[in-house]
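The values are calculated or read from the model by the stated rules, or taken from the named source; none is laboratory data. Nothing here was measured: the structure is a model prediction, and the numbers come from that model. Ideal geometry is used to build each Cβ from the backbone, glycine not excepted, and the neighbour counts take in all protein chains shown. We work out accessible area using only protein heavy atoms, side chains counted, and drop any ligands, DNA or RNA first. Shrake-Rupley method; radii C 1.70, N 1.55, O 1.52, S 1.80 Å.
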Protein chains: 2
Amino acid sequence: MSVRRYRIGAPIPTESVVKDIPAEEGNLPGWKLQTDKEGIVSLSISMTPDTIVYGLGETLRGINKRGWLYTSNCTDDPHHWEDKHSLYAAHNFLLIVSEDSCLGLYVDTPGIVDFDIGYSRIDLLSIRLNDGAADLYLVDGFSAPRQIVREFRSLIGQSYIPPRWALGFGQSRWGYRSADDIREVVTKYEEAGIPLDMMYLDIDYMERFKDFTINRETFPDFDQFVQEMRSRGVRLVPIIDAGVKIEEGYSVYEEGVQNGYFCRKENGEYLTAAVWPGRVHFPDFLNEQARAWFGSQYRFLLDKGIEGFWNDMNEPAIFYTEDHLKEVFEGIEQYRDKNLDIQSFFDFKSLVGSVDNNPEDYKRFYHAYHGRKIRHDKVHNLYGYYMTRAAGEFFTRHCPDKRILMFSRASYIGMHRYGGIWTGDNRSWWSHILLNLQQMPGLNMCGFIYAGADMGGFGADATEDLVLRWTALAIFMPLMRNHSARGTRRQELYQFTQTAAFRNLVRLRYALLPYLYSEMMKAILQNDMLMIPLAFEYPADHRAAHVEDQLLVGGSIMIAPVYQQNAEGRYVYLPEDMTLLRFRSPEDFDREILSAGDHYVPCALHEVLVFLRKGHVLPLAQIPDDDTFRGSRDLKELPLQYLAFDADPAFYEMYRDENFERN
Amino acid sequence: MSVRRYRIGAPIPTESVVKDIPAEEGNLPGWKLQTDKEGIVSLSISMTPDTIVYGLGETLRGINKRGWLYTSNCTDDPHHWEDKHSLYAAHNFLLIVSEDSCLGLYVDTPGIVDFDIGYSRIDLLSIRLNDGAADLYLVDGFSAPRQIVREFRSLIGQSYIPPRWALGFGQSRWGYRSADDIREVVTKYEEAGIPLDMMYLDIDYMERFKDFTINRETFPDFDQFVQEMRSRGVRLVPIIDAGVKIEEGYSVYEEGVQNGYFCRKENGEYLTAAVWPGRVHFPDFLNEQARAWFGSQYRFLLDKGIEGFWNDMNEPAIFYTEDHLKEVFEGIEQYRDKNLDIQSFFDFKSLVGSVDNNPEDYKRFYHAYHGRKIRHDKVHNLYGYYMTRAAGEFFTRHCPDKRILMFSRASYIGMHRYGGIWTGDNRSWWSHILLNLQQMPGLNMCGFIYAGADMGGFGADATEDLVLRWTALAIFMPLMRNHSARGTRRQELYQFTQTAAFRNLVRLRYALLPYLYSEMMKAILQNDMLMIPLAFEYPADHRAAHVEDQLLVGGSIMIAPVYQQNAEGRYVYLPEDMTLLRFRSPEDFDREILSAGDHYVPCALHEVLVFLRKGHVLPLAQIPDDDTFRGSRDLKELPLQYLAFDADPAFYEMYRDENFERN
């Protein structure tokens, strides 16, 4: 058997795997198991200096996860620093590669799990099951890491397939307040000659932040607006938040209350929390009926011509709960009119500072899951997954033959069957360009192929050079979205001085789209990866194993973006001879054969480096250099050029459209 | 003239320069000057794509400062993110290097200054004088950047010279609570065979955080303890904070109040702020009498055998002011018992969140400076400088022939004559290893030669590999101190598994100390730099100009530290042939001549790469590999080895001791 299951305790089911594998007797072979007095179970295994650990999906730090402690605990935290332990997702798959062994381990439990990968001790990998229970899936018997990944992926089922247009370029910003704001952005993109496929609608399109409503003042004729945008080649992609506003007469609220679809407290009352709309209830997505009901709400927008969504705030984020806020105000009393010393001053600050996403609040409410009442914190990591599943299941019922764009912030493995992912509220930091690259292989391993980061950075102020460099990476990401936060500097691609450079970068994205779409489809249909660490393709190359800033994208190319400010180039490691394609635009590029080994490669701000592998082909759509090309809808008619390095273009397997037509 | 002065408005004097240069008529040549309605003056100049901007001392981001907005406004902010604009210091010197020009500009004003170096527009450098006044010192007439630096440094006067032992290795932690805690650390260093010169005393050595007191419970016989440590080769270096505790009977408080030495509010009352001791008054270091008085307080510790200090919290940091805290509690009332919507909720959070270091608080108090009453915010950037000047002036009066160790957190140019600097509350982040390197040239340009970062990182949890790599860089920093915050993982060098590697790194530091001390003395006495960007030494080398992760240290060597986790080596650019010295210990190293150009150089966790320049010599003390060597006091007797690359060791100019004896 290449996949074996070992059960520890009585884990709460997650419905993340699609195969029923009987549990083995005995303990996980090769691992040391310990259970402490509180029932917390630890598994550990030693690492040799050469051991590399991949996986964990959406996490911080490098492709090689060694040297840190990662906690699977879906968290709304916009401070993506090096020393954070959790982001928005829980992706408990590890791939442990040593010189003479290769091992996949999936820790399937909805509880909190700590992965101490050489943090406490540099030579020890230790996994802590805080709930003392998990199904452990061991994948071995292959010497190639990529084969382990494929076995694991076949265990968890085929990844979500987005519509082809979702590989177009999209613009977003928290701060577009009206249809006119959106129109203005689209017009400016048109004027700049920069193709555009999507405009994202952040929370302001809703009426007082109520899911499945439209602000009629700022979007006076939404149905018509959707069509107007479509006629300009642009699809609108609205946000959906997890919390449902408490408001008499609001149908989603009323229906949820009447049918008992919201999460309840111990005493049976619905939990009142607060997010953007103020006071909300949380739908119990884990409850099958509630899930079906919430999923069907998306119809409101589908009926208006909407074809894509992003699910947000579904960790769930909690600004405050009514109950805890009361406690805080009571707590403040003891500090009033006193001379605060340092201890009491910091206690006071921390009392108020810990109002949002307070761990105790996640113990205040319950789900009805598989017929049991389960406290939220025990299944916390499933919440975002099941929200997106609600939508996915509805789309399958409602329009089985149509692909709907869907991606989510919070997730757990299993959600990859229903939607993609974006990596949350990153920042306009140079280090986050590299993070964007480094997150992709882990996400791919865990089934998230349609994925990407907010290019240009969501928080903080961007600079022109940062957006140029980030765009030059993002053109390779399946999800290519420019998104930024209210209050930060505007960063639409027409906002800077080098508009022609931005235009050519986006045009190059579209030239690459036939390739990217084909390679994405192969990755999805073959349970494979699109964004691949060099080590997976060149397993005997010790140097390749430590390359942290280059990736293979599909079968034909390697990318090596510049992610350092004021750099005029970068070092690139070539595991074999490759053809360097230096693009200034889809039609303006040089070719140069570089030999295997190390190279310093200059790369100006307006250039993109693509390394074509020997024996491989890169198809490139010939994008007209005028204003006739506006986005993915204009792609189909375009001729293709085939760039080849010692290969016959005829052998390139192309996926042409959504019916999987190949040539 | 190589230095010209241009005056804008009527700037408040800073006493940062030591030469009296008459002001030129007219405007700064080549710069565009604008004054807005509020009297804010902007100076701007365009940049070509090749322009590189150096300087600004303690700031974030790269050696080349292009592409960001920096604000000179001394700030206590422990979040040293990429997108921050201010750190603890205000060092307003820029060095602008283009292909055919080289220009130094010192913007001398105690007010807030914004340096927009290609942030708003990628091709524009613009400087905003928020107070509308400054003395602008233009340094030009030289084609070599380093000559511009020397001219500027001769303008601002000779840098502070630390005692030779201050180049030893020091251990610190906020969290050592007693003499016994300190003893335990020293003992463990002894047991590990790791040399140690200094133990730093953070705030807990004081009695209730009162400056110039000793906690008699935890340090029962301090005088004896100082001697005990000295006999073990260890000097104690206590912290001094800016704020003086309000406490009846505490002599520093009483004297300050009686003599009017504290800063007052508009109404004449002393400002009451809070820092570690709770409620404090701030000494008016700008007032000459108050400064002399505060400086003389250091005698309390000098008399106990103390020979070094670090000045902290002197931006000044303000946890709260009594007046503002009252306003906050009044403000909270309006949020009580209300259903907080999102706007009011965030307003409430921000009301409490903005208690510390509130900009409005810096407008609540005044200084008596040059016979005038000046509101603090107008001279804010001088406060840390003048605190350290208080100490420095006293040391000169009290013990003119003795060097006292002194460094500070907040600073302004001018303070470099009285003390060194550490770069404040960094974190155990890999990116902060690189930041440490990148900050050094700017600091050196501004006169801060004795400088360094908290190695291993102050905030956040360190890992063994991070501390190893950081130590391998820190051994080249004049100030080599391992410091960490309460609540973070312990990171003394004996805490991990590879004690021998740590021991050899510290031993290597001591082997290098004769060289580092000599080169530091040359830098100080010749108004030159110790940590030098490659561009300054190889001005015709375009590639060298963009190297951001290597430095020349003194005249003989180049360093290229590994600062990426899990890396097994790194790329190094050699502007000329060099000898690679790969050290595993002072006595175990290989030599290899590498040719000019790019190299990938392996470097294991326990190794240090030193690149010896052609025609140069590196003296190396021969540190015995046993427990007889404990620190700098054992150095003098040791024989030296001279490593040379096509050079005659006899020509190396060595500074042997504190009397500047050379050979």
| Convex hull over the alpha-carbon atoms of the stretch B:1-158: what's its volume per residue in Å³? | 120 Å³
| task | Pull up the DSSP beta bridges for chain A and report the antiparallel fraction as a percent, rounded to 5. | result | 75 percent
| query | For chain B, with every protein chain kept in place, what is the accessible area per residue (1.4 Å probe, Å²)? | reply | 32 Å²
| query | Taking A:LYS65 as the anchor, which lysines have their alpha carbon closer than 20 Å to its alpha carbon, excluding any fewer than eight residues away along the same chain? | reply | A:LYS84
| message | Using C-alpha positions alone, give me the convex hull volume of the stretch B:515-659 per residue in cubic angstrom. | response | 130 Å³
| task | For the stretch A:399-535, state the average projected area of the convex hull of the C-alpha atoms over all orientations, rounded to one decimal in nm². | result | 9.3 nm²
| said: Can you tell me what share of the DSSP beta bridges in the protein assembly as shown is antiparallel? A percent to the nearest 5 is fine. | reply: 75 percent
| Rule-of-thumb Rg ratio for the stretch B:355-433 [Cα; 2.2 N^0.38 Å; N residues] | 1.36
| note | For A:LYS188, the lysines lying under 29 Å Cα to Cα, once residues fewer than eight places off in the same chain are dropped, come out as A:LYS304, A:LYS636
| request: Considering only protein heavy atoms, with the full assembly of protein chains and a 1.4 angstrom probe, order B:LYS210, A:LYS326, A:LYS522 by accessible area, largest first. | output: A:LYS326, A:LYS522, B:LYS210
| Value in Å of the Kirkwood radius, where the protein assembly as shown supplies the Cα pairs that are averaged | 32.9 Å
| query | Distances from B:LEU594 to the same residue in each other copy, label points 7 Å out along Cα→Cβ, in nm, shortest first? | reply | 1.9
| With the dipole of chain B worked out from charges on the C-beta (+1 for Lys and Arg, -1 for Asp and Glu) around the Cα centre, which of B:ASN504, B:TYR571, B:SER44 lies farthest toward the positive end? | B:SER44
| Computed label-point distance, nm, for sites A:GLU25 and A:LYS265 using a 7 Å Cα→Cβ extension | 5.0 nm
| What residues in the stretch A:294-319 lose 30 Å² or more of accessible surface when the other protein chains are added to their chain alone (1.4 Å probe)? | A:PHE319
| query | So what is the relative contact order for the stretch A:67-194, in percent, with contacts set as C-alpha pairs under 8 Å and at least six apart? | reply | 20 percent
| request: Go through the stretch A:101-138 and flag every residue whose accessible area shrinks by 50 Å² or more with all protein chains in place compared to the isolated chain (probe 1.4 Å). | output: A:TYR119, A:ILE122
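With 18 Å as the limit, write out which pairs from A:LYS32/A:LYS378; A:LYS326/A:LYS363; B:LYS326/B:LYS363; B:LYS265/B:LYS373 have Cα-Cα distances beyond it, or answer none.
As for pairs spanning more than 18 Å Cα to Cα, those are A:LYS32/A:LYS378.
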| In the neighborhood of A:GLY111, defined by Cβ-to-Cβ distances under 9 Å, what is the net charge if each Lys or Arg adds +1 and each Asp or Glu adds -1? | -1
| In deg cm²/dmol, rounded to 500, what helix-only [θ] at 222 nm does chain B give when every DSSP H run of at least 4 residues adds -39500 (n - 2.57) and the total is split over its residues? | -7500 deg cm²/dmol
| query | Sorted by accessible area (1.4 Å probe), largest first, how do A:VAL18, B:VAL252 line up? | reply | A:VAL18, B:VAL252
| field | Rg/Rg_ref, chain B, where Rg_ref = 2.2 N^0.38 Å and atoms are Cα | value | 0.95
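Carbon and sulfur: what percent of chain A's accessible surface (1.4 Å probe)? Numbers along the way, then the final one.
Numbers: 9930 of 21490 Å².
Taking all protein chains in place, chain A shows 46 percent carbon and sulfur surface.
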| field | Buried solvent-accessible surface, both chains (B, A), 1.4 Å probe, Å² to nearest 100 | value | 5700 Å²
| query | If we hang a label 7 Å off Cα along the beta carbon direction at A:LEU525, how far is it from the matching labels on the other copies, in nm, shortest first? | reply | 7.7
| Which whole-number percentage describes the relative contact order of chain A, with Cα contacts under 8 Å and a sequence gap of 6 or more? | 14 percent
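What size of dipole, in debye to the nearest 20, comes out for the protein assembly as shown about its Cα centre when the only charges are +1 on Lys and Arg C-beta atoms and -1 on Asp and Glu C-beta atoms?
With only Lys, Arg, Asp and Glu charged at Cβ, the dipole is about 60 debye.
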| Candidate residues A:SER595, B:SER344: accessible-area rank, largest first, probe 1.4 Å | A:SER595, B:SER344
| the stretch A:288-447: mean projected area of Cα convex hull, nm² | 13.8 nm²
| field | Cα gyration tensor shape of the stretch A:128-272, rounded if a/c is under 1.5, else prolate or oblate by comparing a/b with b/c | value | oblate
| query | Relative to the other copies, what are the label-point distances for B:GLN34, with labels 7 Å from Cα along the C-beta vector, expressed in nm at one decimal and sorted shortest first? | reply | 6.4
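On average, how many beta carbons from a partner chain sit within 10 Å of the beta carbon of a residue in B:274-284?
2
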| field | the stretch A:1-54: C-alpha gyration tensor shape, a/c 1.5 cut-off, then a/b vs b/c | value | oblate
